[in-house]
Amino acid sequence: MNNEEKSEEIRFGVGKKILLSIVLMTVLICAVSTLSGYFQYSNTIRKLYNDNGYVIANIILDHIDHDKVGQYASTWTEDEEYAETAEYIKNVEVASEAAYIYIVTVYEDQTVRYVFDSSGVPLGDTDPVSSYFDEVWECYTKGTKPDNYMVRHSPRYGYLTSSMLPVIDSEGNIVALLFVDVWMKVILSTLRGYILKMILFSLGILAVFSVIYWFFMRRYFIGPLMRIRKNVSEFARNDTVTSTRLEDIRTKDEIEDLAVSIRLMENDIVKYIDNIRTITAEKERIGAELNVATQIQADMLPRIFPAFPDRKEFDIYATMTPAKEVGGDFYDFFLIDHDHLGLVMADVSGKGVPAALFMVIAKTLIKNRAQMGGGPAEILRFVNDQLCEGNEAELFVTVWLAILNVKTGRGLAANAGHEHPAIRRAGGQYELVVYRHSPAVAAMEGMRFREHEFELYPGDSLFVYTDGVPEATNAENELFGTDRMLNALNRDPDADVNTLLRNVRQDLDAFVGSAPQFDDITMLGMHFTGETGESEG
């Protein structure tokens, strides 16, 4: 048994819940209607029997001699008329189906003394008042009829409801009380019959309603929901095929709106999945091409070190880490002739493929023009004019270009909007060489560039870089800055150029932490030993 089948067995479905709710609602309505009917009918039937007792009592009072009743109550002796009155009361009891009819006098010790009794209690016999004595005494002393019918129970006479009226003689004195008792079992039997009929009637009506309601719910609620559920489950297993099952739902309410929404959603999901597959395939193709482009770009930069193993005048090392698959930074170094070394550090504006393409062109132009001869300013002027032609993307490139005589250490450098280089004199510390920049290459056609002379002595070192180093940002949006860069360089200033760049990168990575890299990071270090090939301490 799979998990889905187990889930079906464990879960209490919507259909079962609605069926159970209908049954519970039916029972509840039946119980509420029966109980409310019981209490209402109980009061009504009791009042009806009690009122009937008063009717019987009034009839009796109209046919008996009140003064004679007073006489019997005072003398407690019978005469010829006593038996006739007793017989009359007995006949009325039989005809009315009353339980007991009797006439009594009442005493303050909560006892009564019988004047007449249909059950055959002798004249003058006494009996305690089991309940409702206050009402009895009120009626006996003041002639006040009780507001409510009296229900009482005694071991001797059972469970009864009593109707009570005063017997008043011709002088207006209350001489006795007339009671008409009705068996409560008659009332209860009537109530039980009513309850039974009420229950059967309620169950019949509610059963018919429940069946009709159940079929209605199955047709317009449960059935559509089950079709929606089945459709969604099938679509979840096969998300590339939509079903027409939901088109049959025509409930003209929110269920139909839900079915329409799900059908539209499924169509949108299928389209979305198709688009995702297309985009994924295209992304994979572009990713593969970018990987090739990354390799091509990396191959364009000098990566074999030592770069000039047969030259003892200098040692050089460089790295470039693009922020994306391909970058706009580049470095280059090449021998223009036997005695002159060209050094390039550049940064194209922008990122990604456009910057990489612009970088390829700029690098090629700079190297080709430099090998034709001329100073850095002349070279950058030529490259600037070439790059400005058709530069609709308005890209530009910052360039630090130097040409160094490796025999004498004298050189010329031009800085077109690039970062200031750092130089360490033999035995000293790395410091920035700050001077005025020229504008970036390709910023404007016809631009002229400044160049200045510099000189390196045996044991001196040079460090150039792109803005990705000082502008590296940590999670708190703090910049790495040139001060931290110089501290990293001076942590081990005598280190070889390979170790030097690794120290800077370690400090940079520790500072940035988990923050993402937003710019290309490119560095180049050169240690000058001069024509003798030996460093001076």
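The values are calculated or read from the model by the stated rules, or taken from the named source; none is laboratory data. What you see is a predicted model; the values in this text were computed from it and never measured. So basically every Cβ, Gly included, is an ideal-geometry build from the backbone, and we count neighbours across all protein chains shown. Calculation scope for accessible area: heavy atoms of the full protein, side chains included, ligands and nucleic acids excluded. Shrake-Rupley method; radii C 1.70, N 1.55, O 1.52, S 1.80 Å.
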For this session: For each pair in Lys324/Lys363; Lys230/Lys283; Lys271/Lys324; Lys90/Lys197; Lys312/Lys351, compute the distance between the two Cα atoms and list the pairs where it is over 28 Å.
Result: Lys230/Lys283; Lys271/Lys324; Lys90/Lys197; Lys312/Lys351
Seminar exercise, completed: Per the rule of 0.36 nm per residue minus the C-alpha distance, extending Asp299 to Phe201 adds in nm 25.7 nm
Problem set entry | Sites Asp483 and Tyr272 - FRET efficiency at Förster radius 45 Å, r taken between beta-carbons, to 0.05 | 0.35
For this session: Can you tell me how much longer the chain between Ala281 and Leu432 gets when fully stretched, taken as 0.36 nm per residue apart minus their C-alpha distance, in nm with one decimal?
Result: 49.5 nm
Seminar exercise, completed: The rounded separation in angstrom of the Cα centers of segment 445-462 and segment 378-443 is 7
Exercise. If we sort 100-106, 263-269, 370-376 on the protection proxy, mean other Cβ atoms within 10 Å, highest first, what's the order?
Worked result: 100-106, 370-376, 263-269
Seminar exercise, completed: Quick calc: nm separation of the 7 Å Cα→Cβ label points for Ser189 and Thr408 -> 14.3
For this session: Sticking with the crude label model, points 7 Å out along Cα→Cβ, report the distance from Met372 to Val260 in nm, one decimal please.
Result: 7.2
Problem set entry | Value of relative contact order over segment 49-116, rounded to a whole percent, pairs C-alpha under 8 Å and six or more apart | 27
Problem set entry | Net length gained if the chain between Gln506 and Thr144 were fully extended (0.36 nm per residue, minus Cα distance) | 119.2 nm
Exercise. Of the peptides 270-279, 483-492, 136-145, how do they stack up when ordered by the mean number of other Cβ atoms within 10 Å, highest first?
Worked result: 483-492, 136-145, 270-279
Seminar exercise, completed: Once both label points are put 7 Å beyond Cα along the C-beta direction, the Val23-Ala475 separation in nm becomes 5.9
Problem set entry | Most to least accessible of Met198, Met25 (protein chains only, probe 1.4 Å) | Met25, Met198
Problem set entry | Peptides ranked, highest mean first, by Cβ atoms within 10 Å: ranges 414-425, 439-450 | 414-425, 439-450
